[in-house]
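The values are calculated or read from the model by the stated rules, or taken from the named source; none is laboratory data. The shown structure was predicted, so the numbers you read here are calculated from the model rather than taken from an experiment. Cβ placement follows ideal geometry from the backbone for every residue including glycine, while neighbour counts extend to all protein chains displayed. Note: areas computed on protein heavy atoms with side chains; ligands, DNA, RNA excluded. Shrake-Rupley method; radii C 1.70, N 1.55, O 1.52, S 1.80 Å.
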Amino acid sequence: MPAKESKSPCVECKDAEAVLTVRKRQLCSSCFKYFLSTKVFRRMEKYNKPPRDHNTLVPQLLLPLSLGVSSSTLLYMLDTELHRRLANAHTKKPYNLQVLVIEPSTISPSDAPYDKNYEALQAAFPMHTYTRVPFHNIFEYVPDMKEIMLEYAGPQFTDDASMDAEKRLAAFRATITTPTSKSDLDQVLLTRLVVGFAKKTGCDTVLWGDSDSRLAAKTLAGAAKGRGASLTWQVSDGMSPWGMGFEFPSRDLSKTELEQFATCCPELAYIIIPERPVSENILTKNLSIDELMMRYVLTQGEKYRGIMSNVSRTANKLQSTSETESTKCTLCGALVGNVQGNDSAIAASIDNQSSQFCYGCLRSRPEVINN
């Protein structure tokens, strides 16, 4: 008896029923996962070559995991590919992957600790090394954090070293009042914490889980916040100001595609923290520039996919300016005075510490916000 024909066969394998449509291609679950994964594998090719001799050190890669859909699906793809390669008894492990989870509840106190998600993460992908740290561990991994806080917050801020690290960081973050500046500062501090951890643990490169949608939003927001000069490492593959390589393996995939991918992976259902739906009743003035740009990209990205992709691709072609150690921003590492004329205009109205910060950081300082 002839096999029953599929009403909508997968365009790749021709056997299974198509369940998802990606880029106008109807695919079954397996082919869909493979199609998206190959986009990431191409970005990881240089790391997938095992060392030729025993004297060559295996690359140490760090994946900061927010427990969101993008970084979690990236971990799933990397883990799957490593298992596939190691199935060959003669293949050596091409790289070691360390996973860093910065406890979300220490970033946003309204969130509860995600102990079960973290346990599920370790159980699902036991091959890798995991570390879970609170946000305030930045004092441990960024030794000059005390000096940075005092210089950035200005003379009205006093750092009480007798308090525990959590209260010290909370007091510093409280000096920033606007949504955009709060979000901007937190992103910088999180990056510094990740880089500090990577250096202390001997990692060579940080693998960020940002999707194409996220990179497009970061590009638009960075330009709006005066951080255009730092886009060369915020959204581009290459070297960061701290001598640590940054890579974005998921840069060819949209957030919607990664969300679809996650639905095909039962393990991720216990790991990913669902995003809170953004209420339409929230006033625009109460949203940060980063939130506004992400909302714009997600709503318009499906209509104009090519345009949104070109935003991050164009930024990825930017080349960093030649910098000396003395020209780097004390806080974020960007070039000081990256926007001609603007930095001096702000610095003249504040204090002599302003010469240590770039234009983007100067715009968020408490003196500027409150004046």
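Would you check which residues across segment 152-193 are open to solvent by 70 Å² or more (accessible area, probe 1.4 Å) and basic (Lys, Arg) and list them? Selection gives LYS167, LYS182. A single member of MET293, MET308 is open to solvent by less than 90 Å² (accessible area, probe 1.4 Å), modelled with pLDDT under 85 and assigned to a helix (DSSP H, G or I), and it is MET308.
Answer with yes or no whether PRO109 is crowded, with 18+ Cβ neighbours inside 10 Å, modelled with pLDDT under 95 and either part of a loop (DSSP other than H, G, I, E, B) or touching a Ser or Thr at 6+ places or on another chain (Cβ under 9 Å) (or both). Criteria not met by PRO109.
Considering each residue of segment 72-82 in turn, at least one proves to be surrounded by 15 or more Cβ atoms within 10 Å (Cβ to Cβ), in contact with an Asp or Glu (Cβ under 8 Å, 6 or more places away or on another chain) and either modelled with pLDDT under 95 or part of a helix (DSSP H, G or I) (or both).
The set of residues in segment 248-277 being outside any loop (DSSP other than H, G, I, E, B) and crowded, with 18+ Cβ neighbours inside 10 Å consists of LYS255, GLU257, LEU258, GLN260, PHE261, ALA262, LEU268.
The single condition among (1) at pLDDT 90 or above; (2) part of a loop (DSSP other than H, G, I, E, B); (3) open to solvent by less than 40 Å² (accessible area, probe 1.4 Å) that CYS31 does not meet is (2). For the criterion of being without any contact (Cβ under 8 Å) to a residue 24 or more places away in the chain and more than 24 Å from GLU267 (Cβ to Cβ), ARG23 passes.
Let's see how each residue does on (1) of a type outside the set (Gly, Ala, Ser); (2) free of Cβ contacts under 8 Å to residues at least 12 places away in the same chain:
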position	(1), (2)
ALA123	no, yes
VAL133	yes, no
ILE138	yes, no
MET163	yes, yes
THR175	yes, no
SER183	no, no
VAL188	yes, no
